[in-house]
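The values are calculated or read from the model by the stated rules, or taken from the named source; none is laboratory data. This one's a predicted model, so the numbers in the text were calculated from it and none came from an experiment. Every residue, glycine as well, gets a Cβ built from its backbone with ideal geometry; the counts of neighbours run over all protein chains shown. The area values use the complete protein model at the heavy-atom level, side chains included, leaving out ligands, DNA and RNA. Shrake-Rupley method; radii C 1.70, N 1.55, O 1.52, S 1.80 Å.
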Amino acid sequence: MSQLADLRAAVKLPLYMDNHATTRCDPRVLAAMLPYFSEDYGNAASRTHVFGRTTEAAVDKARAQVAAAIGASADREIVFTSGATESDNLAIKGVAHMYRDKGDHLITVATEHKAVLDAHHALEREGFRTTFLQVGSDGLINLEELRAAITDQTILVSVMAVNNEIGVVQPLAEIGKLCKERGVLFFCDAAQAVGKIPVDVEAWQVDLLAFTAHKMYGPKGVGALWVRRKAPRVRLEPLFHGGGHERGLRSGTLAVPLIVAFGEAAEIAVREQPQEAVRLLALRERLLKGLQGNLEHLYVNGSLDHRSPGSLNVSFAYVEGESLLMGISDIAVSSGSACTSASLEPSYVLKALGVGDELAHTSIRFGLGRFTTEAEVDYAVARVTEVVNRLREMSPLWEMVQEGIDLSTVNWTGH
Amino acid sequence: MAYSDKVLDHYNQPRNVGALPKSDPNVGTGVVGAPECGDVMKLQIRVNDDGVIEEAKFKTFGCGSAIASSSLATEWVKGKTLEEAAAIRNTDIVQELNLPPIKIHCSVLAEDAIRAAVSDYQAKRASRNS
Ligand SMILES: Cc1ncc(COP(=O)(O)O)c(C=O)c1O
């Protein structure tokens, strides 16, 4: 395979194509944060001296940058947290506990991130009830089902913007409009959305929005929850108690270097989003067309039309996902195969789409990002093709399909 | 997950990948597992008139450990009698490949595949002799 060798020579291995999991910290972001470790290290709450006032000003700037990134007008609506997991918990539990006397019913979607799903499970143990909306094979919720699920006991609807496994974008403005009509709060986990698609809390009519720096080329360990202050004024019960930082919603000394970096990362991500979306979409199409040109029996999971631009989740039928990851060990991607998780269950997201377990086991998630190049995509196409072909040659399922056997009629033994 | 060197070796250079003619009276075929569970193994043996396994082939849909377990199984059954082959235990495979607890089911499947191939061959013989 001299062609593969040529393509390999054009890239630096290993390749990173797992930008849904996390992203590389942008050098510009890193440069912005470094002084706040060694020079400007004051506690942002120490207003009595210059160290504190310097970092307080830096946090204020970051707060404005982060607010602007989601179309929020007032930066006092931003609560800094440790990341989207905390923001999800603060939003869902905070609303549930604060509005408990208004109702005990919550609505979310079966394909949400575990942080959202498990926060609901925790509330169910306290007596709250949750409706988990199903999705279609495209991964999208049905607005009529949402409408029908809202009762006079419903206090919160939580729907993510961009799904972390399949990249599908939910109809957020329609959801927001519906929630507004029915007087129900709308929370959106936008961890995978900011910098990928335009995010606008007004256009979506969202009341709370969670996001995190490490998915937008910032550092791990810092995120935010945006909480609407007017029309309606959303109130929250904090998760933990202490010095009353962040208007009492999130006590704890502010992580100034991380917050400064988050501000920088958010500003860059949103400024570059329009051009970046075009570039990533072209790369994703190159990836998909390349794979489709080389391989048959390839299935895209989730809607291609309503999808974050750098995101592609594909099932390579008859090739188990973990064995494929092993073969392409110089390319970092992830799989919905059970073998790659601790649970021995294939991806619950793919299951919710109605993807059969046999295909879920063969799925690979590609997450293209800011540092992905065309040469990397071309290498990935060639390398994945080579390994899929090799593994299909040793797949008994592939052999049966070539012999014309319908796998659904086979009497499998299971185990 | 970190793979043992032996798993990597079998994954990268699987021994005895391929197929034997299913209808050959001297060939026994075992297919175990299910696509929904994420692994299917097909193991085939060719048995000579002395009841010794002369040749073994496999094809596996499954993770690296499943591929390695079946590859190792084909190596081990070669030269063995049917009884000896059927006596191979999954724990031997676990030990040889250094499989972590979460991958033990791969070795169980390989043991099942050997036994299924042996029974298939024996059933063929029985129907021939009757
Ligand atoms: C949609 C979504 N929500 C929440 C999270 C959790 O974010 P964090 O790692 O910042 O806690 C992630 C990332 O894993 C995510 O993709």
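With a Förster radius of 51 Å, plug the Cβ-Cβ distance of residue A:203 and residue A:329 into 1/(1 + (r/R0)^6) and report the FRET value to the nearest 0.05. Mind dumping the intermediate values first?
Details: r = 42 Å, r/R0 = 0.83.
Efficiency, rounded to the nearest 0.05: 0.75.
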Of the candidates B:117, B:34, B:73, which one comes out as most mobile in a Gaussian network treatment of chain B with C-alpha springs shorter than 10 Å?
B:34
When only DSSP loop residues count, what GluC sites (Glu not before Pro) in the stretch A:315-415 have their Cβ near at most 10 other Cβ atoms within 10 Å?
A:403
Chains B and A: what accessible area do they bury, summed, in square angstrom to the nearest 100, with a 1.4 Å probe?
2500 Å²
With every protein chain in place, the stretch A:27-269: carbon and sulfur % of accessible area (1.4 Å):
53 percent
Approximate spin-label separation residue B:125-residue A:241, in nm, with each point projected 7 Å along Cα-to-Cβ
7.7 nm
In whole percent, how big is the carbon plus sulfur part of the accessible area of the stretch B:24-130, probe 1.4 Å, protein atoms only?
47 percent
List the residues of the stretch A:393-415 whose accessible area drops by at least 40 Å² when all protein chains are present, compared with their chain alone, using a 1.4 Å probe and counting only protein heavy atoms.
A:394, A:396, A:397, A:399, A:412, A:413, A:415
Going by a 4.7 Å Cβ-Cβ cut-off, which cysteines of chain B have no partner at all?
B:37, B:106
Residues meeting the amide H criterion for residue A:23 (H placed from the backbone, H to H distance under 5 Å, 5 or more places apart or on another chain) are A:217
Evaluated at 25 °C and 0.890 mPa s, the Stokes-Einstein D of the stretch A:27-269 based on the Kirkwood radius over Cα pairs, in µm²/s, stands at 136 µm²/s
Mind checking which lysines have their C-alpha under 27 Å from residue A:177, skipping anything on the same chain fewer than 8 residues away?
A:93, A:102, A:114, A:196, A:230
Mind computing the radius of gyration and Dmax over the alpha-carbon atoms of the protein assembly as shown? Å is fine for both.
27.3, 100
Can you give me the angle between helix A:256-294 and the longest principal axis of chain A, using Cα atoms only, in degrees from 0 to 90, rounded to the nearest 10?
20 degrees
The stretch A:27-269, accessible area per residue, ligands and nucleic acids excluded (1.4 Å, Å²)
39 Å²
Under 23 Å Cα to Cα from residue B:6, which lysines show up? Leave out anything in the same chain fewer than 8 places away.
B:42, B:57, B:59, B:78, B:80, B:103
How large is the accessible surface per residue of the stretch A:274-336, computed with a 1.4 Å probe and reported in Å² as a whole number?
36 Å²
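If I take every Cα pair under 8 Å that is 6 or more residues apart in the stretch A:27-269, average their sequence separation and divide by the length, what percent do I get for the relative contact order? Before the final figure, lay out each step's value.
Details: 494 pairs, mean separation 68.8, N = 243.
With pairs under 8 Å counted, the relative contact order is 28 percent.
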